[in-house]
1. Return the total of residues in segment 228-245 being out of contact with any helix residue (DSSP H, G or I) (no Cβ under 6 Å at 6 or more places or on another chain) and under 21 Å from Lys193 (Cα atoms).
2. Condition check: small (Gly, Ala, Ser) and at pLDDT 95 or above. Does Ala274 satisfy that?
3. Being at pLDDT 90 or above, touching a strand residue (DSSP E or B) at 6+ places or on another chain (Cβ under 6 Å) and not aromatic (Phe, Trp, Tyr) is the requirement here; does Met217 meet it?
4. Can you tell me which residue is farthest from the chain's Cα centre (by Cα) among those in segment 5-41 that are more than 17 Å from Ile238 (Cα to Cα) and among the charged types (D, E, K, R)?
5. Quick test for you: out of Glu74, Glu44, pick the one residue that is over 15 Å from the mean Cα position of the chain (by Cα) and among the charged types (D, E, K, R).
6. Pull up segment 97-129, narrow it to residues that are in contact (Cβ under 8 Å) with a residue 40 or more places away in the chain, of a type in the set (Ser, Thr, Tyr) and not in a helix (DSSP H, G or I), then point me to the one that is nearest to Ala156 (Cα to Cα).
7. Restricting attention to segment 74-111, which residues are at pLDDT below 95 and among the acidic types (Asp, Glu)?
8. Provide a single number: the residues in segment 130-164 that are free of Cβ contacts under 8 Å to residues at least 60 places away in the same chain, surrounded by 15 or more Cβ atoms within 10 Å (Cβ to Cβ) and among the small types (Gly, Ala, Ser).
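The values are calculated or read from the model by the stated rules, or taken from the named source; none is laboratory data. Given the structure is predicted, the values throughout are model-derived calculations rather than measurements. Don't worry about glycine lacking a Cβ; one is built from the backbone with ideal geometry, like all the others, and counts go over all protein chains shown.
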Amino acid sequence: MNDYIICMDASGDIIREAALENEIQFVPMEYSIGEEMRTSRGCESEELLKTFYDGQRGGDLTKTSQISPYMYEEYFKQFLELGKSILYFCLSGGLSSTYQSAVLAAETLKEDYPEAEVIPVDTLAATGGIGLLVEKAIENRKDGMSIRENLESVRAVIPRLRHYFMVQDLMYLKRGGRVSAATAIVGSALNIKPMLIVNEEGKLVNVDKKRGNKAAMSSLFASFKENYDPETDTRIYICDSDAPELAQGLAEKIKEAEPGVTIRRTMLSPIIGAHTGPGMVAVILFGKEKTS
């Protein structure tokens with residue numbers, strides 16, 4: 001019944017304790033900073049992450065590479081050989097092609113391992129949103145849910161995920177095609193902080209802009225207050241790309257407003273940080289059900 005592992009992208013963020021205690025597996029993902037190629041295997045050390053974001057501040061270009069179906073096959077085989085099935089939480093298909101690659105790999109592996117299952121989940125999420133889903137899957141497995149029951153339970157709450165975040169450096173959004181060069185140059189000069197969400201299709205959308213960090217943090221807090229639904233889940237993730245003072249300030253303000261909230265603080269994976277740059281802050285939660 002419970003003979004399956006829970007696996008997630010290295011692009012996701014989850015508190016280290018939950019990952020270690022529950023033997024969460026991470027699909028490794030490659031990235032580069034400057035001329036150096038690296039591999040992220042999830043839950044990177046704070047020292048490594050600070051070095052990464054300091055490198056960005058110093059002008060190092062950062063990039064990521066896609067995982068091929070073959071790479072997925074080779075990674076999943078180690079668990080299938082042990083007779084384990086795999087429930088895999090993947091970065092949103094609206095942000096990356098990794099989900100499609102994982103599906104292709106699962107179909108290929110089915111021929112050689114007919115008794116086991118590899119089930120990729122398009123989370124429509126990123127960073128701590130994946131972490132929230134994995135934490136729920138952990139609880140479901142502890143409650144005795146089969147892999148298929150767990151899949152349906154998690155899929156039911158994916159539409160309730162809400163991601164709200166701000167970025168410091170518009171040039172990273174420019175490189176990713178999110179804003180024009182002119183917008184990036186003018187916005188940077190005026191201290192403009194873009195406010196973004198991951199929408200219902202799992203795509204990144206620029207929804208607002210604030211001038212300065214204080215206004216941006218107030219916007220994140222307002223988004224939390226408007227959407228927080230403790231009846232769904234009291235856990236939220238606050239993720240930052242080496243902006244501890246901003247993240248801690250937001251966490252304290254949220255805790256003061258909602259003492260019952262459970263705050264998960266993590267630094268942003270370099271896989272996502274490569275595209276957002278240093279100084280990003282996000283608040284991610286299960287929100288209220290939309291009425292329209």
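1. 3
2. no
3. no
4. Glu35
5. One residue alone meets the criteria, Glu74.
6. Looking at residues that are in contact (Cβ under 8 Å) with a residue 40 or more places away in the chain, of a type in the set (Ser, Thr, Tyr) and not in a helix (DSSP H, G or I), I get Thr123.
7. Within segment 74-111, Glu111 is the sole residue that qualifies.
8. Looking only at that region, the number is 1.
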